[in-house]
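Here is the structure we will look at, set down as structure tokens.
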Amino acid sequence: MPALSQRLLVVILCFRAFFNAHTAEQSYTIAVIPKGTTHEFWKSVNAGAVKAQRELTSQGTKIDLIWKGPLREDDRDQQIQVVENFMARHASAIVLAPLDSQALVRPVRNAVQAKVPVVIIDSDLKSDEYVSFVATDNYKGGQLAGDQMGKLLNGSGNVILLRYAVGSASTEAREAGFVDVLKTKYPAIKLISSDQHAGATREMAYQTSQNLLNRFGREVNGIFCPCEPPTIAMTKALRDLGLAGGKVKMVGFDAGSQSVLDMKNGDVQALVVQNPLLMGYLGVVTAVKHLKGEKVEKRIDTGVVLVTPENMNEPEIKDLLYPPLSRYLN
Amino acid sequence: MQSSSKSNGQALARTWRLINLAGPFLGLVLVVGLFSLSPSVRPYFLTGANFKIILTQTVIVAMGALGMTLIIVSGGIDLSVGSVVALTSVVGATALLKGSGAWGVVGLSIAVGAGIGLVNGLVIGGLRMMPFIVTLGMMGIARGTAKWLSGNQTVNAPDSPINGIMDLKDPTLLFPLPFGVWITLGLAVLMAVVMRGTVFGRYIFALGSNENAARLCGIRVNLQKVKIYCAAGIFFGLAGLMQLSRLTQGDPTVAIGLELDIIAAVVIGGASLSGGSGSILGSMIGALTMAVLRNGSNQMGWPTYMQEIIIGVVIIIAVGLDKLRQHTLKSGR
């Protein structure tokens, strides 16, 4: 038995030596941790990360990319576990889209203590220990949506805001931007419901939408949803009731393929679109820059664009609506 | 002829008892070995720092498994654990917000868990209803109450000593282990003694082996059931306290499906869902096995669906082994 454990030790030491020799080259392991893996938004982020990996590799920096979401989507505890596990694995850096602005603070601090730098993408974290925050200016995105809603309704009418989920910093900023613009620029528009949360899944969002429309369907003129699942669910609920096609103006967020289809069919009047591919790309690039000792900005904006049926066929908009996923993911 | 078959049966029983005891251990060693095979993962996987993380991630499931072992050995089941954990975390965070001290929150967590366990036990024992259905109902009641109390939001508690229970502190070393790990270890030792060495413990096994026989022997079955569910509730409440410490907030949507992880841990640990067998040590190893599987697959970079498939396969193998054991024991007799 002791002989065996000795032999094991030798083997382990050999591998350690082998590994250390390996890290002498420029080679980094980057762990990218999204909020979930099934939504198309995160597939675009994944594609962007792969794009960064390929570019950096062709420039002579070898990147091992690990893409790993929480086992149960939208479960904070599970995402904490993933962060901890990559910290223990000594990933060179972690790129994280935190599910909650508070619950992930301590795991990020632990990772930084263990000398694993963290780049935050998509949603903010109540901390300043991260390297950089690479995300959409969500408040601006919400303002864009509010402005478009004001124009669509010619400045007066009843509007529903279906919120996403509590504790999700990105969507809360969009909701705030939307509400602020309506209040300051379009005082004649009335928010008849703004306290309902759709919930994480499309099914839950669909049920909430149906319930809301059952209550407010006769008086509502415009609806804003701050991200992909409620946008798709609400549009479906509008269609069920025959309120789609512009009878109720629908302004959504993000370019899921269903939302884009809905816009083509005239059921969605405007989408505020972010650039998740750029987010994944810049997340990884920023992490690598930091690892190489270069200075990086603390806040990097990845931009928002308002897409309407009129401009949706322009080439640069098309790239946002139909991200070239197949080029990067198999 | 008869005596030889009898001794044969005894030998078989002895072998199976050995497998029962060693099986979960073997599983754990196998899983640890599996991840140690990969040269790129091993230098990180087999470190004190990583085992600290694994142990910390095990705490909540292990704490729940302590209570669940009592219930499953007695022939029952509790599906409300995940909801109780969420409710406790919300109640604790709310109490902290209202200015309660850390010890007050500890007491409150235990009280919430024990209270729900008491209700479960009273309905199951008093009205002789199926534990599956009663606790299924309680799952909804506790989850709904958690959402109601929290106003459907996460409750951000102010910083308190509670947050320190599950703090990794220095993430690069094995020691100091988070306080929560020590609490769980201590309680596991205590419960192992209770299960093996006290009258209450023997009653639990008697109840699970044959409830009618236990009743005929003069055991007050219904009273014991109330005690069992209430005692288990204490552990579920403590699991909620650990969850609160880990998230640093009360979250009404946390731990959905946690009860299934806990039941899986107990079953992997050699307990039988038909009652009468199981051990605290086994359940703890079962919980650890699940955490190692998750930790290892993360670090190997395996996709999430692989993890789900593997854990599923492990559970079925564990239950299959249990079935085989019962079958052999019966035919051996």
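The values are calculated or read from the model by the stated rules, or taken from the named source; none is laboratory data. Note that the structure is a prediction, hence the values are computed from the model and not measured. Cβ placement follows ideal geometry from the backbone for every residue including glycine, while neighbour counts extend to all protein chains displayed. Ligands, DNA and RNA are excluded from the accessible area calculation, which covers all protein heavy atoms including side chains. Shrake-Rupley method; radii C 1.70, N 1.55, O 1.52, S 1.80 Å.
A few remarks follow.
- Condition met for B:Ala264 (open to solvent by less than 10 Å² (accessible area, probe 1.4 Å) and on the phi > 0 side of the Ramachandran plot): no
- Residues of the range A:118-130 classified as open to solvent by less than 20 Å² (accessible area, probe 1.4 Å) and either facing another protein chain (nearest Cβ under 8 Å) or not small (Gly, Ala, Ser) (or both), total: 6
- Under the condition of being of a type in the set (A, V, I, L, M), open to solvent by less than 40 Å² (accessible area, probe 1.4 Å) and more than 9 Å from chain A (Cβ to nearest Cβ), the residues counted in the range B:276-309 number 7.
- Condition check for B:Ser150: in contact (Cβ under 8 Å) with a residue 12 or more places away in the chain, of a type in the set (S, T, N, Q) and within 11 Å of another protein chain (Cβ to nearest Cβ): yes
- Residue check for A:Val105: at the interface with chain B (Cβ under 8 Å from one of its Cβ atoms), at negative phi and not hydroxyl-bearing (Ser, Thr, Tyr): yes
- Within the range A:233-259, tally of residues that are on the phi < 0 side of the Ramachandran plot and open to solvent by 10 Å² or more (accessible area, probe 1.4 Å): 11
- Flag for B:Gly233 being more than 14 Å from chain A (Cβ to nearest Cβ), open to solvent by less than 10 Å² (accessible area, probe 1.4 Å) and at pLDDT 90 or above: yes
- Subset of the range A:74-100 [at the interface with another protein chain (Cβ under 9 Å from one of its Cβ atoms), of a type outside the set (Lys, Arg) and open to solvent by 20 Å² or more (accessible area, probe 1.4 Å)]: A:Asp74, A:His90
- Residue selected from the range B:78-99 under the condition assigned to a loop (DSSP other than H, G, I, E, B) and farther than 15 Å from B:Gly144 by Cβ, by the criterion least open to solvent (accessible area, probe 1.4 Å): B:Asp78
- Of the listed requirements (1) surrounded by 21 or more Cβ atoms within 10 Å (Cβ to Cβ); (2) in contact with a strand residue (DSSP E or B) (Cβ under 8 Å, 6 or more places away or on another chain), A:Ser168 misses just one: (2).
- Some residue of the range B:38-45 being hydrophobic (A, V, I, L, M, F, W, C) and either out of contact with any helix residue (DSSP H, G or I) (no Cβ under 6 Å at 6 or more places or on another chain) or away from chain A (no Cβ under 14 Å) (or both): no
- Within the range A:263-306, the set of residues being buried (at least 22 other Cβ atoms within 10 Å of the Cβ) and among the small types (Gly, Ala, Ser) comprises A:Ala270, A:Gly280, A:Gly283, A:Ala287.
- Under the condition of being outside any strand (DSSP E or B), more than 15 Å from A:Gln143 (Cα to Cα) and open to solvent by 30 Å² or more (accessible area, probe 1.4 Å), the residues counted in the range A:171-204 number 5.
- None of A:Ser44, A:Ser58 is modelled with pLDDT of 55 or more and either under 20 Å from A:Gly293 (Cβ atoms) or buried (at least 17 other Cβ atoms within 10 Å of the Cβ) (or both) except A:Ser44.
- Checking the range A:133-152 against the condition returns no match, with no residue being within 14 Å of chain B (Cβ to nearest Cβ) and farther than 21 Å from B:Val155 by Cα.
- Checked against (1) open to solvent by less than 40 Å² (accessible area, probe 1.4 Å); (2) farther than 30 Å from A:Ser27 by Cα; (3) outside any loop (DSSP other than H, G, I, E, B), A:Asn214 meets all criteria but (1).
- Some residue of the range A:125-141 being on the phi > 0 side of the Ramachandran plot and of a type in the set (D, E, K, R): no
- None of B:Ala255, B:Ala264, B:Ala318 is part of a helix (DSSP H, G or I), of a type outside the set (Val, Ile, Thr) and either within 14 Å of chain A (Cβ to nearest Cβ) or in contact with a Lys or Arg (Cβ under 9 Å, 6 or more places away or on another chain) (or both) except B:Ala264.
- For B:Thr69, the criteria (1) of a type in the set (Val, Ile, Thr); (2) in contact with a helix residue (DSSP H, G or I) (Cβ under 6 Å, 6 or more places away or on another chain); (3) within 14 Å of chain A (Cβ to nearest Cβ) hold in every case but one, which is (3).
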